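The values are calculated or read from the model by the stated rules, or taken from the named source; none is laboratory data. Remember, predicted model here, so these are calculated numbers, not experimental data. Glycine also receives a Cβ, built like all others from the backbone with ideal geometry; neighbour counts cover every protein chain displayed. Surface accessibility is based on the protein's heavy atoms, side chains included, excluding ligands, DNA and RNA. Shrake-Rupley method; radii C 1.70, N 1.55, O 1.52, S 1.80 Å.
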Amino acid sequence: MYIIPAIDILNKKVVRLREGDYEQVTEYDVTLEEMIEQYQSYGTDMIHIIDLNGARNDFSNQQYLFDVIRKTDMKVQYGGGIRSIDKVKELIDAGVFRVIVGTQAITNPNFLTSLAQEICGKDKCSDQVIVAIDVLDEVIKYSGWMESSPIKLMDYVDKCLQLGFFRFLCTDINKDGKLGGAGVDLYQKLLDHSPFIKLIASGGVSSMKDIIQLSKIKVESCVVGKAIYEGKITIEEIKNWNLKSLISI
């Protein structure tokens with residue numbers, strides 16, 4: 001299992017939200033460029049960037065983020081406000097390694113079908129596109145976690161799999177931003193339902209003990225944000241873990 005450092009951007013600042021609530025924002029005195037430089041200097045080759053403005057249809061961050069992404073040779077997972085096939089193409093052309101789609105995939109029944117046909121082809125969908133599933137008490141949330149979907153969680157996973165999407169970013173909203181432990185039970189349910197999916201865990205990681213728990217249930221990777229900023233997990237620990245993970249592959 002690989003650890004991917006997460007960087008959330010709101011108004012061009014590095015932040016973390018608690019349970020996705022834009023009224024509960026913690027800002028950090030560090031820039032996106034500085035965070036990328038730190039991770040890269042410690043040998044990290046992948047980062048996870050979320051445009052929180054974009055998630056609310058405010059694209060004032062976007063040019064800034066694109067400029068930063070073009071300047072780094074780090075692999076970037078990028079999400080936030082991706083509402084069209086053209087936007088996915090634009091991100092890939094800008095050098096994004098994997099594009100995260102969420103709200104549009106849920107609200108537009110034809111979006112994932114078109115994406116599979118026009119962008120990746122069924123055999124490559126998991127290499128270029130990640131389907132985000134944000135979950136609160138097994139209810140799928142979207143639009144910055146402000147809306148609830150009537151689609152059942154496992155039915156949605158099955159639909160994605162049928163179209164060739166195998167990599168999922170699952171955020172347990174109950175856990176997110178609280179440093180109270182990862183949503184192991186939720187991830188285990190998903191893996192029990194579909195053991196062959198490539199699952200990226202997100203939310204609640206507070207220590208290396210949580211990382212060990214996630215590795216035991218065989219999630220592919222996990223994103224870690226607040227635990228790094230709050231000093232619960234060091235960049236050195238991430239480096240050492242990832243090196244061991246690569247050696248064991």
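If you go through the range 71-124 one residue at a time, how many are among the acidic types (D, E) and over 26 Å from Q40 (Cα atoms)? Full working, then the answer.
Residues of the range 71-124 that are among the acidic types (D, E), as a first pass: 73, 86, 90, 93, 118, 123.
Within this subset, residues satisfying the condition of being over 26 Å from Q40 (Cα atoms) are 86, 118, 123.
Counting residues in the range 71-124 that are among the acidic types (D, E) and over 26 Å from Q40 (Cα atoms) gives 3.
Of the residues that sit in the range 70-79 and are without any contact (Cβ under 8 Å) to a residue 60 or more places away in the chain and not basic (K, R), which one is most open to solvent (accessible area, probe 1.4 Å)? Give the derivation first.
Filtering the range 70-79 down to residues without any contact (Cβ under 8 Å) to a residue 60 or more places away in the chain leaves 70-76, 78.
Add one more test, that the residue is not basic (K, R), and what stays is 72-74, 76, 78.
On the way: T72: 26, D73: 124, M74: 12, V76: 1, Y78: 1 Å².
Step by step, filter the range 70-79, then rank; the result is D73.
Any residue in the range 225-242 that's open to solvent by 20 Å² or more (accessible area, probe 1.4 Å): show its pairings with residues that are among the aromatic types (F, W, Y) at Cβ separation under 7 Å, as long as the two are six or more apart or on different chains.
Y229/Y28; I235/Y39; I235/Y42; E236/Y42; K239/Y42
Please determine, by comparing only the residues of the range 91-106 that are in a helix (DSSP H, G or I) and at pLDDT below 90, which one is surrounded by the most Cβ atoms within 10 Å (Cβ to Cβ). Reasoning before the result, please.
Going residue by residue through the range 91-106, those that are in a helix (DSSP H, G or I) are 91-93, 103-106.
Now narrow it down to the ones that are at pLDDT below 90: 91-93, 103.
On the way: L91: 23, I92: 17, D93: 9, T103: 25.
Checked the range 91-106; the qualifying residue surrounded by the most Cβ atoms within 10 Å (Cβ to Cβ) is T103.
Please list, ordered by first then second residue, the pairs with beta carbon atoms under 7 Å, 6 or more apart or interchain, first in the range 22-39 and farther than 20 Å from D73 by Cβ, second open to solvent by 80 Å² or more (accessible area, probe 1.4 Å).
Close Cβ pairs (under 7 Å, with a partner that is open to solvent by 80 Å² or more (accessible area, probe 1.4 Å)) amount to Q24/R18; E27/K13.
Looking at N61, is it open to solvent by less than 30 Å² (accessible area, probe 1.4 Å) and either touching a helix residue (DSSP H, G or I) at 6+ places or on another chain (Cβ under 8 Å) or modelled with pLDDT under 90 (or both)?
So N61 fits the description; yes.
Does the range 19-37 contain any residue that is touching a strand residue (DSSP E or B) at 6+ places or on another chain (Cβ under 7 Å), within 19 Å of C222 (Cβ to Cβ) and exposed (fewer than 15 other Cβ atoms within 10 Å of the Cβ)?
No - not one qualifying residue is present in the range 19-37.
Tell me, which helices (runs of 4 or more DSSP H) wholly within the range 110-206 include 3 or more residues that are at pLDDT 90 or above and open to solvent by 30 Å² or more (accessible area, probe 1.4 Å)?
Working: elements: 111-115, 125-128, 153-162, 184-193.
Per the criteria, 153-162, 184-193.
Counting only residues that are in a loop (DSSP other than H, G, I, E, B) and more than 19 Å from the chain's Cα centre (by Cα), which one in the range 211-249 is nearest to G43 (Cα to Cα)?
Our first condition is that a residue be in a loop (DSSP other than H, G, I, E, B); within the range 211-249, this holds for 217-220, 225, 230-234, 249.
Then drop every residue that is not more than 19 Å from the chain's Cα centre (by Cα), which leaves 230-232, 234, 249.
On the way: E230: 21, G231: 19, K232: 19, T234: 13, I249: 17 Å.
Checking each candidate, the answer is T234.
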